[in-house]
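Here's the structure, in structure tokens; my notes come after.
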Amino acid sequence: MNAPVLRLSGFGKHFGSLRVFSDIDLDVMPGDRIAILGASGSGKSTLLRCINVLETPSEGSLELDGDVVGQPSRSGDMRFSERELCALRQRVGMVFQQFNLFPHMTVAGNVAEGLKTVRGVPAQKAQERAVTELQRVGLADKADTFPSRLSGGQKQRVAIARALAMDPEILLFDEPTSALDPALVGEVLGVIEQLATEGRTMLLVTHEIGFAYHFATRILFLAEGGIYESGTPDDVLKNPKRPLTQQFLAEHRRFQF
Amino acid sequence: MYEWDFSPVLAEGGFLLVGFRNTLILTATALSGGLVVGLLLAFARLSHRRWLNVPAGVVIEVFRTTPPLVQLFWFYFGLPIVLSVEMTPFLAASLTFMIQSGAFFAEIFRAGIVSIERGQWEAARAIGMTYNQCMGRVILPQAVKRMFPSMMERSIELMKTTTLVATVSYADLLFQANELAQKTFRPLEVFTVVALIYFVSISFISFVASRMERRFARSGEFTP
């Protein structure tokens, strides 16, 4: 009945002779929340970055709402036109581990920037929309401050507002809490949780296994250059079937209390 | 004991003023042209297209590593022979100093641009900006703040380098000073006055520049 928002087939990335992952098939349905787990170096961030082509995928196909994006190329990585990339990235938002806010713009300026420059929305309207998005992440009162005045958690919430302002169909989170003080992790996860209740389609790379369990509708565990095990959080996290998944989870539970 | 006497120099002050005006015109022309040339060379140098970045690299290296006096002679004496065009001292000097300072500016711009973290590019790209939009809205505004001190340094250097045009008889400050020294037999006094003019005007520029730098540092409230 429902068509996937995002479909990857035979998706792969290699840097020269180094294979990061290959033959990944994945259908993301509207409203899916997928947590991607894996040991470091398993390619989970690279997979996420290949989806909005910050990293150019090498092979396979990428479909957004049934439209194929990019072309295979016989030599090296896939090819994407500048126009395709800009269109794709407006539909697939991204939140980074290091926030990457624009330091020379105010908080509201950061959020309004994409609307103004990419969409051509008039400054006044873009500003209003920015404030609305900032309200959603609880930072409307910071609209006129500069990012350097914010805590890490606040910065990340601004970065989320910046992505939301473009009305993306899919949101990608690349370890959004890994650079944060433990005390600030909660406020960011709270915002992501709230987005989940709104039924947004999201892919999240994280080390917060507990959060992944509560947040995700589906877990992908990456290992050995591909999707090693996948399923519901209960399946994968409570009853992992395969040895590397079991080992990974055991490692994470080592210091639980 | 040498007797200092500035009165013949001061009596002909208008003569030096003409030279000073010409120096300012030449510097302003070379500077504005040099900034444009520098930006174009920097973009070409940063391009992934080999047919752009290789020639840009060659131009930059040639003009950075050869003496400006030789470059001036190329343009003034060489170019008219090769292209059979008319060349005036002002045109030759403008071209020379535009490209010469452009080569240095290009390296300053390039260093400023590549010093901006990768994450800034990625964040701008990730909201759907084109390469040019990223450059114009996100990268350059931050890079310019970092480049500003070296740009000022280079501009001052340029103003002093323009004294070389005296050798192709463009009536700049130094050329006029030479004439005046021969007329008055007071070279020490004349060149002391010239040094003073350079000292005062360049100090003034430095002062304005450092105030602008402080303003930059305050606006945006971030330290690069």
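The values are calculated or read from the model by the stated rules, or taken from the named source; none is laboratory data. Keep in mind that what you see is a predicted model, and the values were worked out from it rather than measured. We place every Cβ from the backbone using ideal geometry, glycine too, and count neighbours over all the protein chains shown. Please note that ligands, DNA and RNA were not included when accessible areas were found on the heavy atoms of the full protein model with its side chains. Shrake-Rupley method; radii C 1.70, N 1.55, O 1.52, S 1.80 Å.
Note on B:Glu117 and B:Ile202: with the Förster distance fixed at 41 Å, the Cβ-Cβ geometry gives a FRET efficiency of about 0.75.
Placing pseudo-labels 7 Å out from each Cα toward the beta carbon at A:Arg79 and B:Ser7 gives an inter-label distance of 8.3 nm.
Over chain A, DSSP H runs of length four or greater, each weighted -39,500 (n - 2.57), average out per residue to a 222 nm ellipticity of -10000 deg cm²/dmol. For the B and A pair, go ahead and give the buried accessible area with a 1.4 Å probe, both sides summed, in Å² to 100. Chains B and A together bury roughly 2100 Å² of accessible area. Taking the Cα centre of chain B as reference, the dipole from Cβ charges on Lys and Arg (+1) and Asp and Glu (-1) amounts to some 1060 debye.
In a simple Cβ point-charge model (Lys, Arg +1; Asp, Glu -1; nothing else charged), the protein assembly as shown has a dipole of about 80 debye relative to its Cα centre.
Surface exposure of segment A:6-253, expressed per residue as accessible area with a 1.4 Å probe, stands at 41 Å². Here segment A:136-257 is assigned +1 on the Cβ of each Lys and Arg and -1 on the Cβ of each Asp and Glu. Its dipole about the Cα centre then comes out at about 140 debye. Amide H contacts for A:Tyr228 (H built 1.01 Å from N in the peptide plane; partners 5 or more residues away or on another chain; cut-off under 5 Å): A:Phe221, A:Leu222, A:Ala223. In percent, rounded to a whole number, the relative contact order of segment B:45-181 is 23, using alpha-carbon pairs under 8 Å and six or more apart. Checking every one of the trypsin sites (Lys or Arg not before Pro) in segment B:42-76 against DSSP loop status and a limit of 10 other Cβ atoms within 10 Å picks out B:Arg49.
In this structure the amide hydrogen of A:His14, modeled in the peptide plane, comes within under 5 Å of the amide hydrogens of A:Val20, A:Ser58, none closer than 5 places in sequence on its chain. What the Cβ-Cβ distance of A:Gln256 and A:Ser22 gives, at R0 = 25 Å and to the nearest 0.05, is a FRET efficiency of 0.15. Within the listed set B:Thr167, B:Thr184, B:Thr23, the Gaussian network model of chain B (springs between alpha-carbon atoms below 10 Å) gives the highest mean-square fluctuation for B:Thr184.
Approximating the spin labels as points 7 Å out from Cα along Cα→Cβ, the B:Ser169-to-B:Val36 distance works out to 3.0 nm. On the basis of the beta-carbon distance and an R0 of 56 Å, A:Ser148 and B:Thr88 show a calculated FRET efficiency of 0.60. Springs join every pair of Cα atoms under 10 Å in this Gaussian network model of chain A, and among A:Leu54, A:Leu134, A:Leu37 the largest mean-square fluctuation is at A:Leu54. Of all segments of chain A bounded by GluC sites (Glu not before Pro) found in a DSSP loop with no more than 14 other C-beta atoms within 10 Å, the longest spans A:1-197.
Across segment B:7-39, the residues whose backbone nitrogen lies under 19 Å from the label position 7 Å along the beta-carbon direction of B:Asn178 are B:15-27. Using alpha carbons only, how many degrees (0 to 90, rounded to 10) separate the axis of helix B:13-46 from the longest principal axis of chain B? With rounding to tens, the tilt is 20 degrees.
Counting charges near A:Val69 (Lys, Arg +1; Asp, Glu -1) among other residues having Cβ under 9 Å from its Cβ returns a value of -3. Of the chymotrypsin sites (Phe, Trp or Tyr not before Pro) found in segment B:1-69, those in coil by DSSP whose Cβ has at most 15 other Cβ atoms within 10 Å are B:Tyr2, B:Trp4, B:Phe6. Counting charges near A:Leu101 (Lys, Arg +1; Asp, Glu -1) among other residues having Cβ under 9 Å from its Cβ returns a value of +2. Across chain A, the relative contact order, built from alpha-carbon pairs under 8 Å that are at least six residues apart, equals 24 percent.
Here's the picture: a label point sits 7 Å out from the Cα of B:Glu153 along the beta-carbon direction, and within segment B:80-109 the residues with their amide nitrogen under 17 Å of it are B:101-109. Less than 5 angstrom separates the built amide H of A:Arg33 from those of A:Met202, A:Thr217, A:Arg218, all sequence-distant by 5 or more or on a different chain.
Near B:Ala42, once Lys and Arg are set to +1 and Asp and Glu to -1 for all other residues with Cβ below 15 Å from its Cβ, the sum equals +4.
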